[in-house]
Every structure is written in structure tokens, then in C-alpha cells.
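The values are calculated or read from the model by the stated rules, or taken from the named source; none is laboratory data. Everything numeric in this text was worked out from a predicted model, so none of it was measured. Cβ sites come from the backbone with ideal geometry, for glycine too, and all protein chains shown count toward neighbours. When the accessible area is computed, the model is the full protein with side chains, heavy atoms only, and any ligands, DNA or RNA have been set aside. Shrake-Rupley method; radii C 1.70, N 1.55, O 1.52, S 1.80 Å.
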Amino acid sequence: RAKYIAETFFDEARQVTNVRNMAGFTGSYQGMPVSVMGTGMGVPSASIYITELIRFYEVKRLIRVGSTGAIPDEVGLRDVVIAIGASTDSGVNRARYNGMDYSPTADFSLLEAAVNAARAQGATFHVGNVHTSDSFYGPDPEKMFAAWERMGVLAVEMETAGLYAIAAEERVKALSILTVSDHIKQQTETTSDERERTFNDMVEIALTALKSEAAS
């Protein structure tokens, strides 16, 4: 995805890293310097790249773009989910917060810019809580999904809670924008072609939000 984003949306894109096959690219979007790279799957993997981008490369604004599984019926395939906050079953944030529960949330300025961009684009989008899971294949999925839906969780993915907590600790801005690739309860999923088209919508929202927030 990093390679696709760079080649599709960036001007003067160039690859700057491929360590452990985790490709990273930099370039510009409508005159704004911007970079993109993979993070792997899950909070532990993503946390490594997020932390190093902040501490070693002084990145100040991070937006995760990726796929997610929808939970309630009102969130449909190909919809965009903009995450206000991220619940989690991961122990990483508790360790960071001295054993207590920590509720990681998005940066408001990036969130507001993304919502405005989604509205202007005419995208079908939802704003709310997501669940970041450490388990791709959970032991009791029906019970888990029912509990999450009861609490108003829109979708499940694997990185956002880690991103938001690190951003809070490091005092930088972060946001997660997701595309619904499958619906967990309805057991439906998008085709590869559909994912590509809706993926573009999500990336355009992210890039527009970054540009708008930077100018504010």
C-alpha cells in the first residue's frame, strides 16, 4: 500500500527505506512534503515504526490509513470510518499507563480536518470509536462482537490504540482513517477492485486533512 500511495498520489516520489521489506517513500502532495510507509500488523509492530518516526525523524503528524471490519449494520462495506478513540484488548497501553486503563483518542484538529474533507468529497463516513485487537482470529468472536456493538464500537482493526497512545505520550498529532473491507456480522466483504477504489477515497481524505490542518 505504501508503494501504491506514493506512486498514485505523490509528486516526485522516491523510496527511502525497505528495511525488513517495510517500504517507505517520501515526496509531496500539492506542494506539501509528505511521507508514507508500512507498519506491519498489530500494535507491537506498528509501535516500533511509529516511535522511531517520531523520535528519530521528528514526525509531528501521523495518519493511519488501512482496512477495517465493520460491526453494526449501519456501517456498510466501502464506508470510511474516522476513529475518535480506540478501545483495545492489548496490554501495551496498560503497561504504558502503569497498569490502569488508558483511553487513547485522536487529535481533534486532524479529526476535524478529516471530517470536513470527507464531507466535501461526498464520502459515506462514520465517526466514532473503534476496537484495536491483538487477535486476528479471536477465541469467541460472536461474544466479543456483541459486546463491542453494545458499546457503540463501529469497527475492529489492529493498530489505532497503539498509534493514539504513542502520539499522546510523545506530544504529536495522530488520526486513524479506515475503509470497511468486510462486515463481520453480515459476513460480507469487498472485492479487490472495490477495495482499491474506496482505498483511494480514504487516502484523499487523509492527504486533504493533512494539508488543511497544516495551513491552519
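Restricting attention to the stretch 119-138, does a residue exist that is touching a strand residue (DSSP E or B) at 6+ places or on another chain (Cβ under 8 Å), open to solvent by less than 10 Å² (accessible area, probe 1.4 Å), more than 27 Å from Ile54 (Cβ to Cβ) and not aromatic (Phe, Trp, Tyr)? Within the stretch 119-138, not a single residue is touching a strand residue (DSSP E or B) at 6+ places or on another chain (Cβ under 8 Å), open to solvent by less than 10 Å² (accessible area, probe 1.4 Å), more than 27 Å from Ile54 (Cβ to Cβ) and not aromatic (Phe, Trp, Tyr). Within the stretch 124-150, residues that are assigned to a helix (DSSP H, G or I) have Cβ atoms under 8 Å from residues that are at pLDDT below 80 and not hydroxyl-bearing (Ser, Thr, Tyr) in these pairs: Met144/Gly138, counting only partners at least 6 apart in sequence or on another chain. All conditions in (1) open to solvent by less than 20 Å² (accessible area, probe 1.4 Å); (2) at pLDDT below 95; (3) farther than 23 Å from Val115 by Cα; (4) not basic (Lys, Arg) hold for Ile54, with the sole exception of (2).
Just so you know, in the stretch 34-44 the residues that are open to solvent by 40 Å² or more (accessible area, probe 1.4 Å) and more than 14 Å from the chain's Cα centre (by Cα) include one that is farthest from Arg150 (Cα to Cα), and it is Ser35.
Of all residues in the stretch 159-204, which are surrounded by fewer than 16 Cβ atoms within 10 Å (Cβ to Cβ) and farther than 21 Å from Asp79 by Cβ? Correct list: Glu169, Arg171. Every test in (1) part of a helix (DSSP H, G or I); (2) open to solvent by less than 40 Å² (accessible area, probe 1.4 Å) is passed by Ser28 save one, and that test is (1). Among the residues of the stretch 50-68, those that are farther than 26 Å from His131 by Cβ and in a helix (DSSP H, G or I) comprise Arg55, Phe56, Tyr57.
For Ile82, the stated conditions hold: it is under 24 Å from Glu169 (Cβ atoms), crowded, with 16+ Cβ neighbours inside 10 Å and in contact with a Phe, Trp or Tyr (Cβ under 9 Å, 6 or more places away or on another chain). Among the residues of the stretch 64-76, the one identified as farther than 21 Å from Asp89 by Cβ, out of contact with any Lys or Arg (no Cβ under 8 Å at 6 or more places or on another chain) and open to solvent by less than 40 Å² (accessible area, probe 1.4 Å) is Gly76. Among all residues of the stretch 199-211, there is none that is among the hydroxyl-bearing types (Ser, Thr, Tyr) and either assigned to a loop (DSSP other than H, G, I, E, B) or touching an Asp or Glu at 6+ places or on another chain (Cβ under 9 Å) (or both). When each of Ser109, Ser103, Ser90, Ser47 is tested for being part of a loop (DSSP other than H, G, I, E, B), open to solvent by less than 80 Å² (accessible area, probe 1.4 Å), in contact (Cβ under 8 Å) with a residue 12 or more places away in the chain and hydroxyl-bearing (Ser, Thr, Tyr), the lone residue that passes is Ser90. Is it the case that Glu12 is touching a strand residue (DSSP E or B) at 6+ places or on another chain (Cβ under 6 Å) and open to solvent by 30 Å² or more (accessible area, probe 1.4 Å)? Against the criterion (touching a strand residue (DSSP E or B) at 6+ places or on another chain (Cβ under 6 Å) and open to solvent by 30 Å² or more (accessible area, probe 1.4 Å)), Glu12 qualifies. Criterion applied to Ser133, Ser109, Ser103 was being hydroxyl-bearing (Ser, Thr, Tyr) and in contact with a helix residue (DSSP H, G or I) (Cβ under 7 Å, 6 or more places away or on another chain), and the one residue passing it is Ser109.
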